Amino acid sequence: GDSVTQMEGPVTLSEEAFLTINCTYTATGYPSLFWYVQYPGEGLQLLLKATKADDKGSNKGFEATYRKETTSFHLEKGSVQVSDSAVYFCASYTGRRALTFGSGTRLQVQP
Amino acid sequence: DTGVSQDPRHKITKRGQNVTFRCDPISEHNRLYWYRQTLGQGPEFLTYFQNEAQLEKSRLLSDRFSAERPKGSFSTLEIQRTEQGDSAMYLCASSHKEQGGNTEAFFGQGTRLTVV
């Protein structure tokens with residue numbers, strides 16, 4: 001079945017550091033890929049998405065590129081802020097049922 | 001529209017009691033999903049509806065769980081004879097499925113269930 005694997009956290013960075021959160025997927029066919037973010041006490045929010053190979057999703061300074069050859073969708077940001085502290089979830093969708101989520105990566109950004 | 005809303009936000013119940021949660025999706029969305037999220041894990045799919053039809057149920061959804069979406073608008077998720085293992089965050093999401101594809105899923109803030 002479909003699955004999503006992402007790096008375990010927590011990831012602790014200083015403000016303005018570079019962020020990478022790894023995500024790989026297995027799926028039947030060619031899924032759409034997503035990053036969702038969950039801030040403390042809030043629901044899941046879509047951060048960015050990519051629907052086909054080589055697409056780059058971007059939002060709020062975050063980027064992720066759909067790499068079919070490595071089945072990856074790593075999340076990156078050049079300079080993190082304290083306000084980016086949250087849990088980040090990678091997810092895939094093949095159109096058959098519902099989103100398949102990874103286990104989440106907690107990011108803690110220190111001033 | 002204020003997005004997907006869930007009620008209650010928190011529920012504490014004694015083991016063996018029944019509980020019911022409600023989800024109001026975004027009004028024009030025809031798909032509604034239920035997920036369960038435990039601490040340190042990503043959301044796990046439970047079931048989903050297209051309009052009023054329940055199209056799929058996960059193996060996670062035991063016979064103590066039942067979900068309905070009677071008029072294709074709001075949905076309820078009932079858990080009968082709750083067990084401590086049912087303690088989790090229950091998330092609802094909605095999207096719009098049409099011939100050309102599916103919009104992104106919008107999530108509610110969830111209902112946190114604690115079974116004591």
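Just so it is clear, none of the values below were taken in a lab; they were calculated from the coordinates. Computed from a prediction, not measured in an experiment: that's the story for all the values here. Here the Cβ is made from the backbone with ideal geometry for all residues, glycine too, and neighbour counts use every protein chain on show.
What percent antiparallel are the DSSP beta bridges of the protein assembly as shown, to the nearest 5? Don't skip to the end; give the middle numbers.
Working: 70 of 78 bridges.
Roughly 90 percent of the beta bridges in the protein assembly as shown run antiparallel, per DSSP.
Identify all aspartates and glutamates with a Cα-Cα distance to A:Lys77 below 13 Å; exclude those on the same chain that are fewer than 8 residues away in sequence.
Within the straight-line cut-off, A:Lys77 pairs with A:Glu15, A:Glu16, A:Glu63.
Specify whether the C-alpha gyration tensor of segment A:32-111 places it in the rounded, prolate or oblate class, a ≥ b ≥ c being the square roots of the eigenvalues: rounded for a/c under 1.5, otherwise prolate if a/b is larger than b/c and oblate if not.
On the way: a/c = 2.29, a/b = 1.43, b/c = 1.60.
Oblate, because a/c is 1.5 or more while a/b does not exceed b/c.
Debye sum, Cα scatterers, the protein assembly as shown, no solvent: what log₁₀ I/I(0) at q = 0.08, 0.10, 0.13, 0.16 1/Å?
For the protein assembly as shown, the Cα-only Debye profile gives -0.29, -0.46, -0.77, -1.13.
How well do other chains shield peptide B:107-116, expressed as the mean number of their Cβ atoms within 10 Å of each residue Cβ?
Values: counts 8, 2, 5, 4, 0, 0, 0, 0, 0, 0.
Mean shielding by partner chains, rounded to a whole number: 2.
Dipole magnitude of segment B:32-116 about its Cα centre, charges +1 at Lys/Arg Cβ and -1 at Asp/Glu Cβ only, in debye to the nearest 20?
Numbers: 9 positive and 10 negative charges, 19 e Å.
Magnitude of the dipole: close to 100 debye.
Restricting to Cα pairs below 8 Å that are 6+ residues apart, what does the relative contact order work out to for segment B:1-88? Please round to a whole percent.
After rounding, I find 31 percent.
With +1 on each Lys and Arg Cβ and -1 on each Asp and Glu Cβ, how big is the dipole of the protein assembly as shown about its Cα centre, in debye rounded to the nearest 20?
Details: 25 positive and 25 negative charges, 125 e Å.
For this selection, approximately 600 debye.
Once phi is turned into θ = phi - 60°, what whole-Hz ³J(HN,Hα) does the Karplus curve with 6.51, -1.76 and 1.60 give for every residue of segment A:51-56, x standing for Gly and Pro?
With coefficients 6.51, -1.76 and 1.60, one gets 9, 8, 4, 6, 5, 10 Hz.
Calculate the mean, over all residues of peptide A:43-53, of how many other protein chain Cβ atoms lie within 10 angstrom of the residue's Cβ. Numbers along the way, then the final one.
Numbers: counts 13, 12, 2, 4, 0, 0, 1, 0, 1, 0, 0.
Per residue, the average neighbour count from other chains is 3.
Just list whichever of B:Lys71/B:Lys97; A:Lys56/B:Lys97; A:Lys49/B:Lys71; B:Lys57/B:Lys97; A:Lys49/B:Lys11; A:Lys49/B:Lys97 have alpha carbons separated by over 28 Å in the model shown. Please list the in-between numbers first.
Working: B:Lys71/B:Lys97 17 Å; A:Lys56/B:Lys97 23 Å; A:Lys49/B:Lys71 31 Å; B:Lys57/B:Lys97 18 Å; A:Lys49/B:Lys11 33 Å; A:Lys49/B:Lys97 17 Å.
Exceeds cut-off: A:Lys49/B:Lys71; A:Lys49/B:Lys11.
Once the Cβ-Cβ distance between A:Glu15 and B:Ser27 is put in as r, and R0 is 35 Å, what FRET efficiency do you end up with, to the nearest 0.05?
On the way: r = 40 Å, r/R0 = 1.15.
In this case the efficiency is close to 0.30.
Spin-label point model (7 Å from Cα, Cβ direction): what's the A:Gln108 to B:Gln41 distance in nm?
2.4
Is there a simple number for the mean count of other chain Cβ atoms within 10 Å of the Cβ of residues in B:40-53, and what is it?
4
Looking at chain B only, what percent of DSSP beta bridges run antiparallel? Nearest 5 please.
On the way: 36 of 40 bridges.
Bridges in chain B are about 90 percent antiparallel.
Nothing charged except the Cβ atoms of Lys and Arg (+1) and of Asp and Glu (-1): what's the magnitude of the dipole of segment A:9-108 about its Cα centre? Round to the nearest 20 debye. Write out the running numbers ahead of the final one.
Numbers: 10 positive and 9 negative charges, 94 e Å.
About 460 debye.
Would you pull out the residues with amide H under 5 Å of A:Arg97's amide H, same chain only if 5 or more places away, H placed 1.01 Å from N?
Close amide H contacts, sequence-distant or interchain: none at all.
Given contacts defined as C-alpha pairs under 8 Å and at least six residues apart, what's the relative contact order of chain A, whole-number percent? Don't skip to the answer; put the middle values down first.
Details: 294 pairs, mean separation 41.5, N = 111.
About 37 percent, as a whole number.
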